[in-house]
Amino acid sequence: MDAYRTEEEQVEAIKRWWSENGKGVIAAVVIGVLGSVGWQSWQDRQVSQAEAASGVYQELLALSAQELSSDADKVRLDELTATLTEDYAGTGYARLGQLLQVSAWVSQGRAEDALAALQALESSVADDVAMYPIVKLRRARLQASLGDTEQALQALTSLETSAVAAAVWQAKADIYIVQEQYALAAEALSLALVADESGDLRSDLETKLAFVNARRDSNASPVASGE
């Protein structure tokens, strides 16, 4: 499940964005309805919608944390995701729910379905500055795990200056390691360390960099001996 190693960090980024910008989003809507009758009714409806969506999302979150060994659980997960996307599309929980569903599908061996879902979600969030780089990163990681490294690298390159730059450089390094391009991997990991301002990925990045440098030294040894 290497493609989802930084999922918690990515989801937390979405939540932080919603916390920081949610009031502004609501305020913009409020401006449009202040002059109309029923402001209190509208406000009550928004609170009710958000609470209901939160309940559905919490159930989905708890379910997705399980192994989902039964068909009933798998069906229930898809039903909860559909409820969020169809009934509560404007609450902010729908897209979080879709990310949980995608992760569950990968765990179930439904990687192609997960990729299709990510590609559709990526198109739908193209104007969302917080969500778009996260979804595109996850799509690229999944493509790489399925062997489509060319498309994955193209997507990752377009995200090198985004808010998820550290995870992007790490993802590129992972691809280069599989390809045994250790010089490129070392460069990518070094850039990831620079971009990792929070330090959340530092331990993993340093471990990978040590491995990559060891492989580089190992590959260089026969040349040195031959000289």
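The values are calculated or read from the model by the stated rules, or taken from the named source; none is laboratory data. Because the structure is predicted, anything quoted here is derived from the model rather than measured. Cβ sites come from the backbone with ideal geometry, for glycine too, and all protein chains shown count toward neighbours. Accessible surface is based on the protein model in full, side chains and every heavy atom, while ligands, DNA and RNA are left aside. Shrake-Rupley method; radii C 1.70, N 1.55, O 1.52, S 1.80 Å.
Points to keep in mind about this one:
- Cross-chain or 6+ apart pairs with Cβ under 8 Å, the range 169-197 first and under 13 Å from residue 213 (Cβ atoms) and touching a residue at least 40 places away in the same chain (Cβ under 8 Å), then open to solvent by less than 60 Å² (accessible area, probe 1.4 Å) and not aromatic (Phe, Trp, Tyr): none
- The set of residues from the range 142-165 being within 21 Å of residue 109 (Cβ to Cβ) and open to solvent by less than 20 Å² (accessible area, probe 1.4 Å) comprises 142, 143, 152.
- Residues in the range 202-219 that are open to solvent by less than 50 Å² (accessible area, probe 1.4 Å) and modelled with pLDDT under 95: there are none.
- Of all residues in the range 95-137, exactly one satisfies the criterion of being surrounded by 17 or more Cβ atoms within 10 Å (Cβ to Cβ), within 15 Å of residue 64 (Cβ to Cβ) and basic (Lys, Arg), namely 95.
- Inter-residue pairs, beta-carbon under 8 Å, first at negative phi and at pLDDT 95 or above and in the range 139-153, second among the aromatic types (Phe, Trp, Tyr) and open to solvent by less than 30 Å² (accessible area, probe 1.4 Å), 6+ apart: 141/4
- Here is the figure for the range 62-92: residues that are within 13 Å of residue 104 (Cβ to Cβ), touching a residue at least 12 places away in the same chain (Cβ under 8 Å) and not basic (Lys, Arg) total 7.
- Helices (runs of 4 or more DSSP H) contained in the range 102-221 and holding at least 1 residues under 25 Å from residue 92 (Cα atoms): 111-124, 132-145, 149-157, 165-178
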